[in-house]
Amino acid sequence: MAVKAGAVTGGDSLAAHPQGEASYRMLRPLAPLLGWLLVLYACGGPPGPSPSPMPLLTPQRSGTAALLQAVSVVDERTVWASGHDGTWVVSADGGVTWTAGTVAGADTLQFRDLHATGRDTAWLMSAGPGSASRIYRTSDGGRSWTTQQVNHHPEGFYDCFAFWRPTRAVVFSDQVGGRTLLLETRDGEIWSEVPPSRVPPPDAKEAGFAASGSCVTTHGDQLGWIATGAGRVGRVLRTADGGETWAAAATPVAAGPSAGLTAVAFRDAEHGVALGGDVAQPGGTGDNVAVTDDGGRTWRKAARPPFSGAVFGAVYATGVDPATLVAVGPGGLALSRDDARSWVLADTLPYWSVGFGAGSAGWAVGPAGRITRIELSPSPSR
């Protein structure tokens, strides 16, 4: 499903970094018990936990003015991003420099998802009605691209894809003819439709939101999840056998014509989060986050990030702390250190997508070619 990508403005400053704990005046104890009481009296109680360090955000020059809607972090040096006007960008030095390009003959396409395995190899997925939904692959760093798949269903609309490995991946599309449309590859080259018997039927009008390339995610060689919207309620489809079979579970996130889940992320086989909202309501403040601790079989409500409107993209930064989560949207960028139980606002600029690799560095992308490097430090409590 299309997500409108009009100009969204945000604040120009980053959240301030914490300055550490206040210094405490200590009194020399007259006796152990009396000394402890005096300390408590002087300090107003025992010291609390150290505040979590805020992320270091560094704007980078992407070399394009196109809206960027997807990012794929291979490692702390190799990063790809993609977006409108057939645009892709890649860096091999951690974002110090970027190379920007367009796919020949695809300058009207919107590359809303991509997956990269290195500096040379990447797949692009364009989102749009009918034949505007396509998959391309490069093996020479973007110098040339091969068209691997063109959607032939007029109602079809590719939303997201995700890979278990370079030869195994799944694509989620808006429903076609009343059936859930998934595509898969088993060799990284040829894509075919998944038989309807392997996929739960969709709710009426259920679809995906091609906001950030975050509505499908995988873990390991077998596990995968798909976030949906636009139906009765936001649902998550899950597989435990590499996409051979899928099951559906409802979440407490409301859905509607422009509402539902836009992103899903997992930090291990059991713990995950599904996020979204109403993409047509930039001032919305309703519940838009659900979490699971049983692999996506059941979901419960969690805290929403402290920016208004929908979440477009989210990712776990497991290389920093297992429960560290970053979420973005047109309302800003927020950080959770506890699986979405609480959040802090890190930026008020608009972003569409965010990605992390195995290390402490991530990247968020958005309008006008925006790319921001995110550097996280471990939480003091871990």
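The values are calculated or read from the model by the stated rules, or taken from the named source; none is laboratory data. Keep in mind that this is a model prediction, so the values were computed, not measured. Methodologically, a virtual Cβ is constructed for each residue, glycine included, from the backbone with ideal geometry; neighbour enumeration extends over all protein chains shown.
Which of (1) part of a loop (DSSP other than H, G, I, E, B); (2) more than 23 Å from the chain's Cα centre (by Cα) does Thr147 not meet, given it meets every other one?
The one condition Thr147 does not meet is (1).
Does Ala81 qualify as being surrounded by 24 or more Cβ atoms within 10 Å (Cβ to Cβ), modelled with pLDDT of 95 or more and in a strand (DSSP E or B)? Outline the logic, then answer.
Values: surrounded by 24 or more Cβ atoms within 10 Å (Cβ to Cβ): yes; modelled with pLDDT of 95 or more: yes; in a strand (DSSP E or B): yes.
The answer is yes for Ala81.
Would you say Thr262 is part of a strand (DSSP E or B), of a type outside the set (A, V, I, L, M, F, W, C) and on the phi < 0 side of the Ramachandran plot?
Values: part of a strand (DSSP E or B): yes; of a type outside the set (A, V, I, L, M, F, W, C): yes; on the phi < 0 side of the Ramachandran plot: yes.
So Thr262 fits the description; yes.
Can you go through Asp287, Asp268, Asp321 and tell me which one is more than 14 Å from the chain's Cα centre (by Cα), within 30 Å of Asp93 (Cβ to Cβ), among the acidic types (Asp, Glu) and in a loop (DSSP other than H, G, I, E, B)? Quick ask: steps written out before the conclusion?
Working: Asp287 fails: within 30 Å of Asp93 (Cβ to Cβ); Asp268 fails: within 30 Å of Asp93 (Cβ to Cβ).
After ruling out the rest, the residue left standing is Asp321.
Got a number for residues in the stretch 84-126 being out of contact with any Pro (no Cβ under 6 Å at 6 or more places or on another chain), among the polar types (S, T, N, Q) and assigned to a loop (DSSP other than H, G, I, E, B)?
Residues of the stretch 84-126 that are out of contact with any Pro (no Cβ under 6 Å at 6 or more places or on another chain), as a first pass: 84-116, 118-126.
Remaining after also requiring among the polar types (S, T, N, Q): 87, 91, 97, 99, 102, 108, 110, 121, 126.
Add one more test, that the residue is assigned to a loop (DSSP other than H, G, I, E, B), and what stays is 97, 108, 110, 121.
Number of matching residues: 4.
Identify the residue in the stretch 69-96 that is among the aliphatic types (A, V, I, L, M) and in contact with a strand residue (DSSP E or B) (Cβ under 6 Å, 6 or more places away or on another chain) and, among all such residues, is farthest from Val320 (Cα to Cα).
Just the residues of the stretch 69-96 that are among the aliphatic types (A, V, I, L, M), to begin with: 70-71, 73-74, 79, 81, 89-90, 92, 96.
Now restrict to residues that are in contact with a strand residue (DSSP E or B) (Cβ under 6 Å, 6 or more places away or on another chain): 70-71, 73-74, 79, 81, 89-90.
On the way: Ala70: 22, Val71: 19, Val73: 15, Val74: 16, Val79: 18, Ala81: 22, Val89: 26, Val90: 24 Å.
Selected residue: Val89.
List the strands (runs of 3 or more DSSP E) that sit entirely inside the stretch 325-379 and contain at least 2 residues that are farther than 26 Å from Trp299 by Cβ, over 12 Å from the mean Cα position of the chain (by Cα) and aliphatic (A, V, I, L, M).
Working: elements: 325-329, 332-336, 344-347, 353-356, 361-365, 371-375.
Output list reads 371-375.
Results for (1) touching an Asp or Glu at 6+ places or on another chain (Cβ under 9 Å); (2) at pLDDT 95 or above; (3) of a type in the set (S, T, N, Q), shown as yes or no for each residue.
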site: Val194; (1), (2), (3): yes, yes, no
site: Lys205; (1), (2), (3): no, yes, no
site: Ala210; (1), (2), (3): yes, yes, no
site: Thr218; (1), (2), (3): no, yes, yes
site: Asp221; (1), (2), (3): no, yes, no
site: Ile226; (1), (2), (3): yes, yes, no
site: Thr239; (1), (2), (3): no, yes, yes
site: Val253; (1), (2), (3): yes, yes, no
site: Glu270; (1), (2), (3): yes, yes, no
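What do you reckon, is Glu206 among the charged types (D, E, K, R) and under 20 Å from Ile135 (Cβ atoms)? Spell out the reasoning first.
On the way: among the charged types (D, E, K, R): yes; under 20 Å from Ile135 (Cβ atoms): no.
No: the conditions fail for Glu206.
So how many residues does the stretch 204-236 have that are buried (at least 21 other Cβ atoms within 10 Å of the Cβ) and either over 19 Å from Ala248 (Cβ atoms) or of a type in the set (Asp, Glu) (or both)?
5
Can you confirm whether the stretch 168-179 contains a residue that is within 15 Å of Ala122 (Cβ to Cβ), touching a Ser or Thr at 6+ places or on another chain (Cβ under 6 Å) and not in a strand (DSSP E or B)?
Residues of the stretch 168-179 that are within 15 Å of Ala122 (Cβ to Cβ), as a first pass: 169.
Right, trim to touching a Ser or Thr at 6+ places or on another chain (Cβ under 6 Å) and you get 169.
Remaining after also requiring not in a strand (DSSP E or B): none.
The answer is no, given that none of the residues of the stretch 168-179 is within 15 Å of Ala122 (Cβ to Cβ), touching a Ser or Thr at 6+ places or on another chain (Cβ under 6 Å) and not in a strand (DSSP E or B).
I'm checking my understanding of the structure. Among residues of the stretch 316-337 that are over 14 Å from Asn288 (Cα atoms) and of a type in the set (Val, Ile, Thr), which one is surrounded by the fewest Cβ atoms within 10 Å (Cβ to Cβ)?
Looking at residues that are over 14 Å from Asn288 (Cα atoms) and of a type in the set (Val, Ile, Thr), I get Thr318.
Go through the stretch 122-135 and give me each residue that's over 21 Å from the mean Cα position of the chain (by Cα) and of a type in the set (Ser, Thr, Tyr).
Ser131
Exactly one condition in (1) outside any strand (DSSP E or B); (2) in contact with a Phe, Trp or Tyr (Cβ under 8 Å, 6 or more places away or on another chain); (3) surrounded by fewer than 24 Cβ atoms within 10 Å (Cβ to Cβ) is not met by Pro305; state its number.
Exception for Pro305: condition (3).
Say we look at the stretch 110-158 and pick out the residues that are of a type in the set (Lys, Arg) and surrounded by fewer than 23 Cβ atoms within 10 Å (Cβ to Cβ); which of these is nearest to Ile226 (Cα to Cα)?
Initially, the stretch 110-158 is screened for residues of a type in the set (Lys, Arg), giving 112, 119, 134, 137, 143.
Adding the requirement that they be surrounded by fewer than 23 Cβ atoms within 10 Å (Cβ to Cβ) leaves 119, 134, 137, 143.
Details: Arg119: 27, Arg134: 19, Arg137: 22, Arg143: 32 Å.
Looking at residues that are of a type in the set (Lys, Arg) and surrounded by fewer than 23 Cβ atoms within 10 Å (Cβ to Cβ), I get Arg134.
Would it be correct to say that Val279 is over 23 Å from His219 (Cβ atoms) and among the β-branched types (Val, Ile, Thr)? Let's see the steps before the verdict.
Working: over 23 Å from His219 (Cβ atoms): yes; among the β-branched types (Val, Ile, Thr): yes.
It is true that Val279 is over 23 Å from His219 (Cβ atoms) and among the β-branched types (Val, Ile, Thr).
Pairs under 6 Å by beta carbon, first residue within 15 Å of Thr324 (Cβ to Cβ) in the stretch 49-60, partner surrounded by fewer than 17 Cβ atoms within 10 Å (Cβ to Cβ) and at pLDDT below 95, six or more apart or different chains?
Taking only residues 6 or more apart or on different chains, the pairs are Pro51/Pro18; Pro53/Ser377; Met54/His17.
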